[in-house]
1. Sort the following peptides by mean Cβ neighbour count (other Cβ atoms within 10 Å, averaged over residues), highest first: 41-47, 28-34.
2. Using 0.36 nm per residue of separation minus the Cα-Cα distance, give me the extension gain between Val40 and Glu98 in nm, one decimal.
3. Work out, step by step, the length gained on full extension between Leu86 and Ile22: first 0.36 nm times the residue separation, then minus their alpha carbon distance; give nm to one decimal.
Amino acid sequence: RAMVLTMTHFLTRPELPFDWSIPGICDHIGCVGLDEQVRVLGADVHVYGRACCGGPSTALDGVRYVHGYLGTTEQHRPQMAPVCVLSRGELVPSKQPEPEGGFTFIPPAPLAERVRSAGG
């Protein structure tokens, strides 16, 4: 059986963790129609955004939900490191790969600044 991965911008279930302190976020939580589509497709893993918080994954009714937070660099917090959803045939591995020295959320210098420092 093939592994099925689905993605949406919004949370498909209200049980998933999200940051209640974000104004208007409740307008984007728990879309039953989206979750029905995820289940019809037979998703093993569903990646969602918009929550601004949450652990690496939550298993509900046979689907592993992964928060794929992007946001801007200044909005990142330590628990928001990227989550690996597939590694060597394992879905959402319990031991997540991590670069040496961990993740840094320092934004890269703007392109113009990088060109100047390179002598361009």
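1. Going from most to least packed, we get 41-47, 28-34.
2. On the way: separation 58, 0.36 × 58 = 20.88 nm, distance 3.30 nm.
Separation in residues times 0.36 nm, less the Cα-Cα distance, equals 17.6 nm.
3. Values: separation 64, 0.36 × 64 = 23.04 nm, distance 3.00 nm.
Taking 0.36 nm per residue and subtracting the Cα distance, the gain is 20.0 nm.
Coordinate-derived values only; no laboratory data. Remember, predicted model here, so these are calculated numbers, not experimental data. Here Cβ is always computed from backbone atoms with ideal geometry, including for glycine, and neighbour counts include all displayed protein chains.
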